[in-house]
Amino acid sequence: MYGKNAQLFQKNKAVIDFEKAAYDFVKLHETMEYGDFEKQVIIAVKNPQQLKIRPEKQIAEILGLSRSQVKNLLEKGEMEVKSELPHFISVRIR
């Protein structure tokens, strides 16, 4: 827990090597919404240690896609990503 506490590192003026930081994604739940003749999947990604991992990388790892596939879905408007808090991302897939 202490090895991933960004606030503790900042307080002690230590630098985190995010390239070597070990982390896992755990899928807690997934929500399906139906409306206007389309199905949407909503995924919430929590990052309580506030590791600096790009949202598209997190989403790609969770969904088992490449980052380029995620970027393609975002460009087509088939996926929407919101980062409202530094440790929380919501993803909506149409």
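The values are calculated or read from the model by the stated rules, or taken from the named source; none is laboratory data. Just so we're clear, the structure is a prediction, and the values are computed from it rather than from any experiment. Every residue, glycine among them, receives a Cβ derived from its backbone with ideal geometry; neighbour counts consider all protein chains shown. With ligands, DNA and RNA removed, areas are computed over all heavy atoms of the protein, side chains included. Shrake-Rupley method; radii C 1.70, N 1.55, O 1.52, S 1.80 Å.
The figure for F9 is an accessible area of roughly 50 square angstrom, using a 1.4 Å probe on the protein chains alone. Scoring 56-66, 72-82 by mean Cβ neighbours within 10 Å over their residues and listing the highest first yields 56-66, 72-82. Average accessible surface for the stretch 40-94: 61 Å² per residue, computed with a 1.4 Å probe over protein heavy atoms with every protein chain in place. Dimensions of the stretch 54-94 based on its C-alpha atoms, expressed as ranges along the principal axes with the largest first, amount to 24, 19, 13 Å.
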